[in-house]
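Below is one structure; the comments refer to it alone.
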Amino acid sequence: MLEELCKKAFFKSLWLYHTNTGACNGCDIEVIDVLTPYYDAERFGIKLVGSPRHADVLICCGPVTRQVVPALKRLYEAVPDPKLVVAVGSCACGGGIWYDSYNIVGGVDTVLPVDYYIQGCPPRPEAILHGVAVALGLLDKQVAPEALRQLPDSSESVPIED
Amino acid sequence: MILSKLKQALICLLAGRVTLPYPAKPHPPDEGFRGYPEVDVDKCIGCGACAAVCPARLIKIEDLDQTTRRITRLLERCIFCGRCAEVCPEDAITMTRQFELASDQARQDLTHQCEIFMATCRRCGACYQPATPLDRIMQPGFRSDEIDRGGDLCQYENVCLESQQAENTTATVGEGE
Ligand code: SF4
Ligand code: SF4
Ligand code: SF4
């Protein structure tokens, strides 16, 4: 459903606003890498903008620190509807290795509704591009819930006979 | 000024097309890249070494009952450091080169759960893993004919290492006194 909505609502260009919610800068560098001519996310119409009021997509890198929570909420409200939130990096997806630190509230999804998660520490630029392609509906995602993953295995198992 | 601009234009023209055709064509990472840690459940003996070293502490070990150990991996937090694969005594974990893990429901898509058959210690009742495959077969519940084997267990059969050590220590202390 979300994909359908994406195709309708974002059929032209996605403008990104990139925010660091407490990252070590590894993920931020990779996001910038994706916008360089070598990986060139701009061929999908993606553009980095300097103000959340111009953006369609909020890219969040890093675990959410307690200090950043109010700012992140204000930032989310500043992005006009319809909007997507993409969590880049293991930290943003669930807190990474900092998930239980005293100053971390968790992944971005503890504060904002996250639409797409991109794994990795930091994710390769290709992984981010793959996430972009999945978000735009160009590619299918490569991971599936465990119940679906297990199906071929369990059908192969031979019942024990005596 | 104009010359430098011309020089820049020349450099750009000579470089040609540099953009990677990535999402259209696959671009596999180099040898040694660490991606999704794949677990071979048949090899895993449930020792818990991976859970002890994981820096993200995402491997959770629970004993459901005295013969079942459930290992849950919340891989959405994995940083692909490969420590779990390094310490695993059975080489049950391999770091694959799969990096395309983007999803819209990371929690469901990247959680891995398995249940391992374990033995029960006759002394303390805790789950433990017998040392050799032969010992595993000797455990109650592993074979259907184990009911017939009652009564002929040796002193340390079906006793976990901690209980054995505790018993030995007590025995030594007792002798010393
Ligand atoms: S996922 Fe890794 S690289 Fe990205 S912010 Fe967290 S620690 Fe840094
Ligand atoms: S690769 Fe590292 S973070 Fe991921 S499960 Fe293994 S030890 Fe934990
Ligand atoms: S270290 Fe290997 S054998 Fe031990 S619990 Fe982890 S995966 Fe299983």
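The values are calculated or read from the model by the stated rules, or taken from the named source; none is laboratory data. Being a predicted model, the structure only gives us computed values, none of them experimental. As a convention, Cβ positions derive from the backbone with ideal geometry for all residues, glycine included, and neighbour counts pool all protein chains shown. Calculation scope for accessible area: heavy atoms of the full protein, side chains included, ligands and nucleic acids excluded. Shrake-Rupley method; radii C 1.70, N 1.55, O 1.52, S 1.80 Å.
Tabulated data
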| read-out | value |
| --- | --- |
| Sole exception among (1) assigned to a helix (DSSP H, G or I); (2) near ligand 2 (Cβ under 9 Å from one of its atoms) for residue B:108, by number | (2) |
| Within the range B:4-28, considering residues that are open to solvent by 100 Å² or more (accessible area, probe 1.4 Å) and under 30 Å from residue B:95 (Cα atoms), the one farthest from the other protein chains (Cβ to nearest Cβ) | B:25 |
| Candidates B:16, B:46 - the one that is at positive phi and assigned by TED's automatic domain parsing to the domain that holds residue B:79 | B:46 |
| Residue identified as more than 7 Å from every other protein chain (Cβ to nearest Cβ) and either within 14 Å of ligand 2 (Cβ to nearest atom) or modelled with pLDDT of 90 or more (or both) among B:69, B:73 | B:73 |
| Some residue of the range A:138-145 being more than 9 Å from every other protein chain (Cβ to nearest Cβ), surrounded by fewer than 21 Cβ atoms within 10 Å (Cβ to Cβ), touching a residue at least 24 places away in the same chain (Cβ under 8 Å) and farther than 21 Å from residue B:80 by Cβ | no |
| Unmet criterion (only one of (1) away from chain B (no Cβ under 12 Å); (2) under 19 Å from residue A:31 (Cα atoms)) for residue A:71 | (2) |
| Per-region count, the range B:71-105, residues among the acidic types (Asp, Glu) and more than 16 Å from ligand 3 (Cβ to nearest atom) | 3 |
| Some residue of the range B:78-87 being among the β-branched types (Val, Ile, Thr), within 16 Å of ligand 2 (Cβ to nearest atom) and within 8 Å of chain A (Cβ to nearest Cβ) | yes |
| Of residues in the range B:29-47 being under 25 Å from residue A:91 (Cβ atoms) and outside any strand (DSSP E or B), the one farthest from the other protein chains (Cβ to nearest Cβ) | B:32 |
| Candidate set: the range A:108-128, residues that are facing another protein chain (nearest Cβ under 9 Å) and more than 11 Å from the chain's Cα centre (by Cα); chosen: the one nearest to ligand 3 (Cβ to nearest atom) | A:121 |
| Criterion violated by residue A:125 - all others in (1) open to solvent by less than 50 Å² (accessible area, probe 1.4 Å); (2) at pLDDT below 85; (3) over 24 Å from residue B:114 (Cβ atoms) satisfied | (2) |
| Those residues of the range A:92-105 which are in contact with a strand residue (DSSP E or B) (Cβ under 7 Å, 6 or more places away or on another chain) and surrounded by fewer than 18 Cβ atoms within 10 Å (Cβ to Cβ), in sequence order | A:103 |
| Scan of the range B:48-58 for residues that are part of a loop (DSSP other than H, G, I, E, B) and away from every other protein chain (no Cβ under 14 Å), ordered by number | B:48 |
| Where residue B:1 falls short, out of the listed (1) more than 16 Å from ligand 1 (Cβ to nearest atom); (2) within 13 Å of another protein chain (Cβ to nearest Cβ) | (2) |
| Odd one out for residue B:109 among (1) open to solvent by less than 30 Å² (accessible area, probe 1.4 Å); (2) within 13 Å of another protein chain (Cβ to nearest Cβ); (3) over 30 Å from residue A:42 (Cβ atoms); (4) away from ligand 1 (no atom under 16 Å from the Cβ) | (3) |
